[in-house]
1. Within the set K219/K469; K344/K480; K76/K130; K349/K480, which residue pairs have Cα atoms separated by over 23 Å?
2. As a test question: what accessible area, to the nearest 10 Å², does V441 have when a 1.4 Å probe is rolled over all protein chains in place?
3. If you wrap a convex hull around the Cα atoms of the stretch 158-239, how much volume per residue is inside, in Å³?
4. Quick one: if you stick a label point 7 Å off each Cα along the C-beta vector at W477 and W113, how many nm between them?
5. Which net charge results when you count Lys and Arg as +1 and Asp and Glu as -1 among the other residues whose beta-carbon is under 12 Å from that of Y483?
6. Can you work out the Karplus-derived ³J(HN,Hα) for every residue in the stretch 61-71? Use 6.51 cos²θ - 1.76 cosθ + 1.60 with θ = phi - 60°, whole Hz, and x for glycine or proline.
7. Tell me the net charge near E163. Cut-off is 12 Å between Cβ atoms, E163 excluded, with +1 for each Lys or Arg and -1 for each Asp or Glu.
8. Starting with the highest mean, order 160-170, 123-133, 378-388 by the number of other Cβ atoms within 10 Å, averaged over the residues of each peptide.
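The values are calculated or read from the model by the stated rules, or taken from the named source; none is laboratory data. Since the structure is predicted, the reported quantities are computational estimates derived from the model, not experimental observations. Note: ideal-geometry Cβ built from the backbone for every residue, glycine included; neighbour counts use all protein chains shown. SASA here: full protein model, heavy atoms, side chains in, ligands and nucleic acids out. Shrake-Rupley method; radii C 1.70, N 1.55, O 1.52, S 1.80 Å.
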Amino acid sequence: MMEFDREEHGSERTDKNCENGIINTETHAPGTEEDHKSCEDNEENQKTWSLERNWGFTLQELFGLALKFFKEMNGKAFNPTYEENLRLVALHKQITLGPYNPEACPEIGFFDWQGNDRRKEWLRLGSMAKEDAMEDFVKLLNSCCALFAPYVTSHKIEKEEQEKRQREEEERLRLEREEQERRRLEEEARRREEEEMRIKEEEQRRKEEAERLQIEQQKEQIMAVLNAQTAVQFQQYAEQQYPDNPDHQQLLIRQLQEQHYQQYIHQALQMQQMASQKQQEDSNALPAPVLNEAVPTCNPNNQSNSLENHEQQSDSKAFHLCVEGKTGEVAIIAPSMWTRPQVKEFKEKVLHDEDSVITVGRGEVLTVRVPTHQHGSHLFWEFATDHYDIGFGLYFEWKDLTIPTDSKIEGESTTDANEGTAQAEKEKPTEQGRRPLVNEVVPVSRRDSHEEVYAGSHQYPGEGVHLLKFDNSYSLWRPKVVYYRVYYTR
């Protein structure tokens with residue numbers, strides 16, 4: 001009730017301002033058409049703003065609530081007077097049908113006094129605008145029923161809650177869309193990373209596969225060359241170990257070939273490292289005369305580092321010799337060496353021959369002399385020890401090649417072996433101050449012969465004597481028992 005009164009006072013002030021001509025900054029003459037139009041527009045805007053501010057609904061929404069309340073509650077929650085009811089019905093017709101038009105309305109009977117009263121009330125509204133009729137309808141309903149304002153307030157609260165829920169739902173949907181977009185972008189980024197990783201892994205795999213195939217091809221080529229060099233030796237050695245078992249012979253040959261290849265690769269890497277170090281040292285030093293030495297090509301030995309370093313320097317040298325006053329060159333072919341773990345079985349087999357078990361005293365070097373055989377082409381040897389290691393080296397003493405005796409030959413305890421049988425003999429004095437030429441084939445180095453059987457073969461470089469040196473000079477307390485076997489092959 002109070003709200004509508006304030007609106008009426010506001011409307012009166014607006015009418016007064018319009019009558020006085022205070023609409024814009026410009027002053028117009030009263031009574032003009034522009035003044036009336038401006039006043040009406042301003043008054044309508046003021047009413048609409050006032051209704052929305054007081055009720056929280058637009059005029060159209062507020063009229064809808066009022067009409068719904070009137071239809072549902074008339075005669076129940078409130079009972080308007082006859083005049084108020086006529087006014088409300090007339091305003092409703094003015095809003096829905098417009099101003100009264102006798103031609104468009106059907107005739108009413110003379111005794112229908114209520115219908116005639118409604119027609120008269122509708123006619124009195126004249127050309128009232130639809131918005132004004134809505135506002136009058138709401139004001140009249142609010143004045144005649146005290147329950148209308150709480151009814152509108154409840155709907156206002158419901159509307160606000162609905163708008164709040166709608167905003168929350170919109171915010172939730174927005175967040176969901178943002179989360180879905182974020183997940184989609186993350187999934188795309190993850191897929192791109194996985195694809196890039198898969199491509200890199202595939203390229204790496206192809207590269208590794210190509211390298212592996214290249215290494216296998218190189219290995220096959222190297223093994224083919226190495227196997228061609230050692231085929232006869234390994235075959236003869238396998239026949240000695242397993243005389244009546246071809247399967248075991250083939251298995252042993254494959255093991256020896258694989259071990260030979262690994263030794264060759266290890267030796268080649270060490271030679272490459274030594275060559276690079278030597279080149280670096282040469283670059284930092286003054287120029288020096290270059291020795292005419294052949295580069296070692298194969299030295300299959302997988303023993304200690306000291307032995308490998310010595311063998312790299314002496315595997316395949318070109319020796320300048322004096323033969324009956326003439327100068328010539330004789331090449332020493334590198335030996336083949338390998339190991340096998342059957343120490344116990346080897347010792348049991350060797351024990352049957354007493355000459356094949358020797359004792360090297362403490363601090364001594366014992367040499368086993370094995371002359372070349374006229375029907376042989378290769379020398380084979382095998383040896384093992386009890387409990388401790390021993391030094392081993394191989395030399396070749398030429399029969400017909402001599403060199404001047406410039407230095408005294410060290411005295412050694414010697415034992416000769418002819419076709420595997422040890423026989424003692426003294427060194428024959430040389431004529432005219434010369435001595436036989438001795439070439440180093442395998443330098444002396446300590447071998448763990450108490451853990452593995454050390455074996456090897458060497459092609460005859462010519463006619464002479466192979467010297468198998470067992471070195472125990474480093475041991476001051478312990479003598480060493482050596483089990484060995486030597487033989488030749490055709």
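1. Result: K219/K469; K76/K130 exceed 23 Å.
2. Surface accessible to solvent at V441 totals approximately 0 Å².
3. In the stretch 158-239, the Cα hull volume divided by residue count equals 85 Å³.
4. With each label placed 7 Å out from Cα toward Cβ, I get 15.0 nm.
5. Around Y483, the surrounding residues sum to -2.
6. Couplings: 5, 5, 5, x, 5, 5, 5, 5, 5, 5, 5 Hz.
7. -1
8. Result, highest mean Cβ count within 10 Å first: 378-388, 123-133, 160-170.
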